[in-house]
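Below is one structure, written out as structure tokens, with a few remarks after it.
The values are calculated or read from the model by the stated rules, or taken from the named source; none is laboratory data. Note that the coordinates shown come from a computational prediction; the quantities given were computed from them, not determined experimentally. Methodologically, a virtual Cβ is constructed for each residue, glycine included, from the backbone with ideal geometry; neighbour enumeration extends over all protein chains shown. The accessibility values were calculated without ligands, DNA or RNA, using every heavy atom of the protein model including side chains. Shrake-Rupley method; radii C 1.70, N 1.55, O 1.52, S 1.80 Å.
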Amino acid sequence: MVTSDRQREIIEASLELIHAQGIQELTMKRIAAAVGVSEPALYKHFSSKSDILSAVVDELEATRAGALEAARTAGGDPLAVLAAFFGTHARQFAKRPALMAVLFSDDLFRHDQALSTRVASIISGTQEMIRGEIEKGKTAGVLRPDVGGETAALMLAGGFRLLVSAWRLRGASFDLAERTEAFIEQALGLLRA
């Protein structure tokens, strides 16, 4: 668990390095240089690179939980919760592209089974949350009863992932938040009762 400003700085620097150079190039030496401290000073805050990467995964979990909390706090029916959830993610990714690069990198943690399992859990937890909101929408009568929760969740998450990929490739000419809002509105429109 991150407890200090320096630890937060180390995590942000690690995220940026992963985003810019890939995880293969992430070393304690490069992290220390990015933060502006000596390599031994990093060990005062994290015992290893693996511990830093674990904190990066913690950051992913916190981001997802924050987006879900914001969506549910905003209130409304399940469709409003889903729209708010994806909208919050789009804005967070636009502010912190490195976070998206870590979450959507398929093989980022493949050499660390514990971290790979945690990232897979974040992804499956997100899918489960989306599916749950779809089922709530069906029960509330705002979504068609013939809509498959799993299929709809895959459609929404997969479409969002494609938007994020397009944004990543096109850069500033692609407004991720605006495109996400339009996509979610249209996709949910197809599912409405």
What accessible surface, in Å², does a 1.4 Å probe find on LEU17, ignoring ligands, DNA and RNA and rounding to the nearest 10?
30
Under the rule of at least 5 residues apart or a separate chain, name every residue whose amide H is placed under 5 Å from the amide H of LEU143.
LYS138, ALA193
Per-q log10 I(q)/I(0), the chain, q = 0.11, 0.13, 0.14 Å⁻¹ (Debye; single scatterer per alpha-carbon; no solvent)
-0.54, -0.73, -0.82
Partner lysines for LYS29 [C-alpha distance under 28 Å; skip if fewer than 8 residues away on the same chain]:
LYS44, LYS49, LYS95
Applying the Karplus parametrisation 6.51 cos²θ - 1.76 cosθ + 1.60 with θ = phi - 60° to the phi angles of region 111-126, what ³J(HN,Hα) value in whole Hz is obtained for each residue in order, glycine and proline being reported as x?
8, 10, 4, 5, 5, 4, 5, 5, 5, 4, 5, 4, 5, 5, x, 5
Taking only protein heavy atoms and a 1.4 Å probe, the highest-to-lowest accessible-area order of LEU103, LEU115, LEU169 is LEU169, LEU103, LEU115
Rounded to the nearest 0.05, what FRET efficiency is calculated for GLU61 and GLN21 with R0 set to 25 Å and r the Cβ-Cβ distance?
0.60
Let me know the charge dipole size of the chain about its Cα centre in debye, to the nearest 20, where only the beta-carbon of Lys, Arg (+1) and Asp, Glu (-1) is charged.
140
Can you list which of the trypsin sites (Lys or Arg not before Pro) found in region 78-141 are DSSP loop residues with at most 13 other C-beta atoms within 10 Å?
ARG110
Heavy atoms only, probe 1.4 Å: what % of the accessible area of the chain goes to carbon and sulfur, would you let me know?
54
Just the Cα atoms of region 113-193: what Rg and Dmax do they give in Å?
14.6, 42
Write down the accessible area per residue of the chain in Å², having rolled a 1.4 Å probe over the full set of protein chains.
51
